[in-house]
Ligand code: HEC
């Protein structure tokens, strides 16, 4: 019984901890997306660069341990698929930045769209859309 109570408390703490990490990570990434979008709309390169940093930082916070907490019961084995979405964000941001630096703005914007698609790929998984 004692063991059960302790493991229930531990499980609760893990969830709480994961919740905080999830919210910090996702709000940072949401903010980054907005900065990038505004940067493209208002032709403000600095805002795009700030957004790239925010998304990279937010994405780093959310690791495999958290992914497993949020995957639905029947998808717990799919952390790799979630990780692929997270890796896709890193890759697309890198391309976004490269195109931005070489002033290929349309291509850069395409990479931005790929970032959003990667967000949706993981949300699709965790929310069983
Ligand atoms: C590896 C998985 C994963 C990736 C990639 C991911 N998310 Fe999330 N996101 C989650 C999980 C898990 C939740 C919480 C569960 C839910 O909302 O269904 C979440 C929730 C959110 C929320 C709502 C947060 C809240 O407090 O309810 C926002 C906003 C969000 N994500 C933004 C983003 C943005 C922007 C990106 C891409 C730049 C992104 N996410 C990429 C897994 C991911």
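Taken together, the values in this text are just the output of simple stated rules run on the coordinates, not laboratory data. Here the structure is a predicted model, which means the values were calculated and not measured.
With angles folded into 0 to 90 degrees, how steeply does helix 45-61 sit against the dominant principal axis of the chain? Use alpha carbons for both and round to 10.
Once rounded, the angle reads 20 degrees.
Where does helix 2-42 land angle-wise versus the long Cα axis of the chain, in degrees 0 to 90, nearest 10?
Computed tilt is about 10 degrees.
Using helices alone, what [θ] at 222 nm do you get for the chain, with -39,500 (n - 2.57) per DSSP H run of 4 or more residues, divided over all residues and rounded to the nearest 500?
Value at 222 nm, helices only: -29500 deg cm²/dmol.
Between residue 5 and residue 129, 0.36 nm times their residue separation minus their Cα-Cα distance comes to what?
So the chain would gain 41.2 nm between residue 5 and residue 129.
Which residue fluctuates the most in the chain, going by a Gaussian network model with Cα springs under 10 Å, if the choices are 61, 96, 41?
Among 61, 96, 41, the largest GNM mean-square fluctuation belongs to 41.
Based on the Cα coordinates of segment 22-129, what is the per residue volume of their convex hull in Å³?
Details: hull volume 8.8 nm³, N = 108.
About 82 Å³ per residue, rounded to a whole number.
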